[in-house]
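Asker: Below is a structure I'd like to ask you about.
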Amino acid sequence: MVKTMLVTGADRGVGLALTAQWLQDGSRVFAGQYADSAGLQELQKEYGEQLSVFPLDVASETSVKQAFEWVESRTDRLDVLINNAAILGEIGNTIHDELQYEEMLSVFNVNALGSLRMSQTFTPLLLQSDSKLIANISSEAGSIADCWRDAWYAYCMSKAAVNMQSKLIHNGLKPQGGRVLVIHPGWVQTHMQGKLDEAAELTPKQSAAGITKVIHSAIGREASAMECEYVDYEGRKLKW
């Protein structure tokens, strides 16, 4: 059965690669676009109506509601919502330095509240599907047990919040057959630091391929037997 997906932050990086991966697999994909994307334009030419691109700012309640109305007018269900949109924020300052609290609020608004806005708003469409799966792209940086950094306050704290949010949503949707999966995409060559992180281990395509396998594995299991799992792109369990 063809899956109907929604991917946030689909402009570039992992989000764009996930969009391409699911299109290649035959799924119908709704791609949330924050900024103009040559990559999405190319995919639109290749896949036509299989791909639906729409403007989306997960930090804006108005934008998310408008996105829901737009998507709802084009499909009666969503099998999988991939909350991928995120920003990094300042990562160098420690407790001994000046911390940028206003910027931290922006990072929280996108990373933690943005995915919550999407999940809550799109739950009605998710519950109309068989899969009923939310995949939150988090990070190993959200692990409290394995924390080794002394900086990255906004990003680490926002991803820890994503992890808690995921468990809360999972508990709330489980009685209706819904589930939430939390995935660390690996160290990926992205532009989150303002330039391409060429030292990173994975290309966006490699990360997306792994994430897709993890999601397919989750879809293949009974929802009632699935807990809210925190894993990496290869399915290895991480410590909360």
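Computed from the coordinates by the stated procedures, all read-outs in this text should not be read as laboratory data. Predicted, not measured: the structure shown is a model, and the values here were computed from it. Every residue, glycine among them, receives a Cβ derived from its backbone with ideal geometry; neighbour counts consider all protein chains shown.
Asker: When N counts the residues of the chain, how does its alpha-carbon radius of gyration compare numerically with 2.2 N^0.38 Å, as a ratio? Display every interim value, and only then the final one.
Answerer: Numbers: Rg = 16.8 Å, N = 240, 2.2 N^0.38 = 17.7 Å.
For the chain, the normalised Cα radius of gyration is 0.95.
Asker: For n ≥ 4 DSSP H runs only, could you compute -39500 (n - 2.57) per run for the chain, divide by its residues and tell me the 222 nm figure to the nearest 500?
Answerer: Numbers: 6 runs with 97 residues, N = 240.
That comes out to -13500 deg cm²/dmol.
Asker: Sort all Cα-Cα distances of segment 117-240 into consecutive 10 angstrom bins from zero, then give the percent of pairs in each bin up to the one containing the longest distance.
Answerer: Going out from 0 Å in 10 Å bins, segment 117-240 shows 13, 41, 35, 11, 1 percent.
Asker: Running a GNM on the chain with Cα contacts under 10 Å, which residue among 81, 202, 116 ends up with the highest mean-square fluctuation?
Answerer: 202
Asker: Another question, if that's okay. Given H placed 1.01 Å from N in the peptide plane, which residues other than close sequence neighbours of residue 78 have an amide H under 5 Å from its amide H?
Answerer: Long-range HN contacts for residue 78: 126, 128, 129.
Asker: While we're looking at this one, here's another question. Gap in Å between the Cα centre of segment 174-188 and the Cα centre of segment 19-90?
Answerer: Each part's Cα centre sits 18 Å from the other's.
Asker: Considering amide H positions built from the backbone, and no H for Pro or chain starts, which residues 5 or more places from residue 177, or on another chain, come under 5 Å of its amide H?
Answerer: Residues meeting the criterion, in which the H sits 1.01 Å from N, do not exist here.
Asker: If you place +1 on the Cβ of every Lys and Arg, -1 on the Cβ of every Asp and Glu, and leave all else neutral, what size is the dipole of the chain about its Cα centre, to the nearest 20 Debye? Provide the component values of the computation, followed by the final result.
Answerer: On the way: 21 positive and 29 negative charges, 164 e Å.
Dipole size: approximately 780 debye.
Asker: To two decimal places, what compactness ratio does segment 14-58 give when its Cα radius of gyration is scaled by 2.2 N^0.38 Å?
Answerer: Numbers: Rg = 9.6 Å, N = 45, 2.2 N^0.38 = 9.3 Å.
My calculation over the Cα atoms of segment 14-58 gives 1.02.
Asker: Could you identify which residue out of 13, 39, 114 has the top mean-square fluctuation in a GNM of the chain using Cα springs shorter than 10 Å?
Answerer: 39
Asker: On to the next question. I'd like to know which of 138, 223, 50 lies farthest towards the positive end of the charge dipole of the chain, counting +1 on Cβ of Lys and Arg and -1 on Cβ of Asp and Glu.
Answerer: Farthest towards the positive end: 223.
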